[in-house]
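Asker: Just passing along the structure, written as structure tokens.
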Amino acid sequence: MLRGRGRRVQGERADDDPLDAAQERRVRAVLALGGVPQSDLPDGVQQVRLRLLERAAKGYEAPRDVSAWAAVVASNLAMDWHRAKRRQERVGERLASLRQHEHPSGEETSVLSLAVARGLDELPDAQRQVLVLRFYADLPVRSIALELGVPEGTVKSRLHTAVRALRARLHEDEVV
């Protein structure tokens, strides 16, 4: 565990990290898709780690699926950030974070990316959250329901409504 400016507490090793590399990538992706700017992603990842460590320190049982739990916590953090920022600022930052590792793409892909980002912005928070968790974080409906503490039917309903709204937006913009 890092303390201060890169100093480790004596006796702690890098493998004491509660998130493995794949889980960290998923957390970063969920945060980015949730609208968190690239510059804030490291803080978001640290917040997820902190919550996992706090959970253990309080003596709570470890989550059954740490990866799913971390993705949901990241999604909640992204929703918090999302609520705090103006809509237009988020669109550009989200697109920049999605393209971080991509090669420059054609105009058609850019138009689609922008339309999807705007469509996500227009969704209610709960619908955006389940859409990102299901289709980007690739969590099954059951895991999403368990982690969010809602019935599976609620998750399915939110997904259906979100997909329908996003599809309508893309057709309205004549992107698809």
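Asker: In the set Q23, Q47, which member is modelled with pLDDT of 90 or more, in a helix (DSSP H, G or I) and open to solvent by 70 Å² or more (accessible area, probe 1.4 Å)?
Answerer: Exactly one residue qualifies, and that residue is Q47.
Asker: Output the number of the condition that D138 fails; it satisfies all remaining conditions of (1) of a type outside the set (S, T, Y); (2) crowded, with 16+ Cβ neighbours inside 10 Å; (3) in a loop (DSSP other than H, G, I, E, B).
Answerer: (2)
Asker: Please enumerate the residues belonging to the range 157-173 that are in contact (Cβ under 8 Å) with a residue 40 or more places away in the chain and not charged (D, E, K, R).
Answerer: Of everything in the range 157-173, those that are in contact (Cβ under 8 Å) with a residue 40 or more places away in the chain and not charged (D, E, K, R) turn out to be A165, L166, L170.
Asker: Follow-up. So how many residues does the range 18-48 have that are within 22 Å of G149 (Cβ to Cβ), of a type outside the set (G, A, S) and without any contact (Cβ under 8 Å) to a residue 40 or more places away in the chain?
Answerer: Residues meeting the conditions: 2.
Asker: Right, next: Within the range 149-157, can one find any residue that is buried (at least 18 other Cβ atoms within 10 Å of the Cβ), closer than 27 Å to R25 by Cβ and in contact with a helix residue (DSSP H, G or I) (Cβ under 6 Å, 6 or more places away or on another chain)?
Answerer: yes
The values are calculated or read from the model by the stated rules, or taken from the named source; none is laboratory data. Keep in mind it's a predicted model, so treat the numbers as computed, not measured. Here the Cβ is made from the backbone with ideal geometry for all residues, glycine too, and neighbour counts use every protein chain on show. For accessibility, only protein heavy atoms count, side chains too; no ligands or nucleic acids. Shrake-Rupley method; radii C 1.70, N 1.55, O 1.52, S 1.80 Å.
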